[in-house]
Amino acid sequence: MKKLAIALVSVLALGTVMSSFRNVTSNEVSLVGKWKYYQEGKRMSKAELLFSYEHEENCGNDYVEFFEDGKVNDVFYYGSGNCEMSVDSGTWKKEENHLIINFPYAGEETGEILLLDATTLKVKAEVEGKEVIYIYKKL
């Protein structure tokens, strides 16, 4: 479940942002490509509390890759030193400022895109009844 939540980009903008900073870029910016997990956190009053995403030490960066044909791969590395790779495949679509991801093992999840530009994707999602913010950086 955590992998799916993180994938909602979490798959998941930079730094602390006030609620008035909703900078959703129009359809000009595409989600297609690889997005590295960067930060995750939550909203506290009017500010956000964000923490760096912890990648497996000495392994590659975990990332989500969106393809033009509506497919998505969620790629994680694990195994301290061995660096095994795990890939979960599913589908995605963007409707206005919502990202909808469907993985066969977890079903469909929807996140609100708070920021999408050439370098940053920021998504707010509800995970187990709690609001979570995920920030990704374009690779």
The one condition in (1) buried (at least 16 other Cβ atoms within 10 Å of the Cβ); (2) over 14 Å from Lys36 (Cα atoms); (3) in contact with a Ser or Thr (Cβ under 7 Å, 6 or more places away or on another chain) that Lys71 fails to fulfil: (1)
Some residue of segment 69-84 being over 17 Å from the mean Cα position of the chain (by Cα), farther than 16 Å from Ile135 by Cβ and at pLDDT 95 or above: yes
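Within segment 34-62, track down each residue that is among the basic types (Lys, Arg) and within 12 Å of Ile133 (Cα to Cα). Full working, then the answer.
As a first pass, look at segment 34-62 and keep what is among the basic types (Lys, Arg): 34, 36, 42-43, 46.
Passing the criteria: Lys42, Arg43.
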Selected residue (criterion: surrounded by the most Cβ atoms within 10 Å (Cβ to Cβ)) from residues of segment 101-115 that are modelled with pLDDT of 90 or more and of a type outside the set (A, V, I, L, M): Gly111
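Quick grid of which residues meet (1) farther than 17 Å from Leu139 by Cβ; (2) in contact with a Lys or Arg (Cβ under 8 Å, 6 or more places away or on another chain); (3) small (Gly, Ala, Ser):
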site	(1), (2), (3)
Lys36	no, yes, no
Glu48	yes, yes, no
Glu56	no, no, no
Cys59	no, no, no
Val64	no, yes, no
Glu68	no, no, no
Asn82	yes, no, no
Asp88	yes, yes, no
Glu95	yes, no, no
Any hit, segment 47-60, residues being of a type in the set (A, V, I, L, M) and in contact with a Gly (Cβ under 8 Å, 6 or more places away or on another chain): yes
Test: Ser30 is at pLDDT 90 or above, of a type in the set (S, T, N, Q), out of contact with any His (no Cβ under 6 Å at 6 or more places or on another chain) and surrounded by fewer than 14 Cβ atoms within 10 Å (Cβ to Cβ): yes
Selection from segment 85-120 of residues that are within 13 Å of the chain's Cα centre (by Cα) and of a type in the set (A, V, I, L, M, F, W, C): Trp92, Leu99, Ile100, Ile101, Ile113, Leu114, Leu115, Leu116
Per-region count, segment 76-90, residues surrounded by 11 or more Cβ atoms within 10 Å (Cβ to Cβ) and under 20 Å from Glu108 (Cβ atoms): 3
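The values are calculated or read from the model by the stated rules, or taken from the named source; none is laboratory data. On a predicted model such as this, the values are computed, not experimentally measured, just so you know. Note that each Cβ is placed from the backbone with ideal geometry, even for glycine, and that neighbours are counted across all protein chains shown.
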